[in-house]
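As structure tokens, the structure follows; a few thoughts come after it.
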Amino acid sequence: MSPHPEKKRVWPVALAHGLNDGYGAFLSALLPLLIERLGISLTLAGLLTSVRSSLASFGQWPLGLAVDRFGPRAFALLGPALTATAMGLLGVAPSYTAAALLLVLAGLGTAAFHPAGACLVPEGGSRGLRMALFAAGGTLGVALGPLLVTQTVSRFGLPRVPLLLVPAALLLGLIAFALPRGARPNRQAVGFARHPQRHQVLRLWGMGVFRDVVGTAVMGFLAVVWARRGASLTLAGFSLTVYALAGALGDLVGGRLSDRFGRREVLAGALLLAIPCLYAFLFTRGAVSLAFLALFGLASAASVPVAVVYGQELMPESRGLVSGLLLGLAWGVGSLLVTGVGALADRIGLEPALGLVGLALLPAAALALSLPQR
């Protein structure tokens, strides 16, 4: 037997995360084609995005409870299967209603996978790094998924998008073979409202909301920022790739450092580092600005896997619930607040609005510092 058997079990969970989030990212790339094919307005197109993202984020809380009750493995396999199937069929949806139903399934698949996948990250002294590998798998999927589907459409046409179900099925078979069994279902876990560590977990959740409203605002308006600076569409798209890849690196750096120096210290340090990097990105131009954008993406993402591990350590008997809260519900609430960022940008300008929203990183860092050392 290998002296480190658990380490071999990280990759199937990370691969499942990449499969789920990579196929889930098809929508942003296919949306312009769906608008033309289905003859829908921008309002209806935006509703499609909202349907999927709302279910994918807010559904993680109740599905996390189900993961704790029935066990994570089935949810970790069902989630990517639903997401990949729904997104693979999106290119041949015959009507707007059919497209919306497919996105409901994709949203539920994503909501089912995330808390289950986080529960299957193996135990051990380097769990921060292992959770970071799990998170990085999803980040890389988001970065590569749109590239995969746009190349397929450009070569074979929109009706051939279902061809991508073949590699998805092969990957899912490999994942099913290698995926760890995980913990047994826990049907006697203490309810969240009565748990002695609930206040600490809620601090982590509040920290995540403040962080995610900044991160989703930057991601959502990043291409617009570069366009208004006079950059080409290619550079605007490249900046999104840089931001996503820097986030994947940040996942790994944050997880590894938290194993060495402590969860609270890395959470607070990453968020405090993100603040000057954000403003340096906003107030510089060209390659220097792009470099600071990468540093901001790295620092902001570094806190994500660390927060999930910290929460699971606080409530080890309710890992699915905690993961759904910190991965899904925090991101969902933060994303809803981005609508207000757009309204603010219409009044004072986009970059000044992002600068004001960036102040939310201060209470995020304060909440991190208020956590107990572990």
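Laboratory data are not the source of any read-out in this text; all were calculated from the coordinates shown. Keep in mind the model is a prediction, meaning the values are calculated, not measured. Backbone-built Cβ (ideal geometry, glycine too); neighbour counts: all protein chains shown.
Here are the numbers for this structure:
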| read-out | value |
| --- | --- |
| log10 of Debye I(q)/I(0), alpha-carbon scatterers only, for the chain at 0.13, 0.14 Å⁻¹ | -1.05, -1.22 |
| Pair Arg160, Arg285: separation of 7 Å Cα→Cβ label points (nm) | 4.3 nm |
| Kyte-Doolittle mean at least -0.5, axial Cα span of 30 Å or more - DSSP H helices of the chain | 96-119, 127-156, 198-228, 233-261, 263-283, 286-314 |
| Distance between modelled label sites at Leu359 and Tyr96, nm, 7 Å Cα→Cβ extension | 4.0 nm |
| Computed helical MRE - 222 nm, the chain, DSSP H runs ≥ 4 contributing -39500 (n - 2.57), nearest 500 | -26000 deg cm²/dmol |
| Three-way shape call for region 193-369 based on the alpha-carbon gyration tensor, with the a/c threshold at 1.5 | prolate |
| Taking Cys277, Cys119 and counting other C-beta atoms within 10 Å, the order from fewest to most | Cys277, Cys119 |
| Region 278-374: mean projected area of Cα convex hull, nm² | 7.1 nm² |
| Virtual spin-label span in nm between Glu36 and Glu351, 7 Å along Cα→Cβ | 3.3 nm |
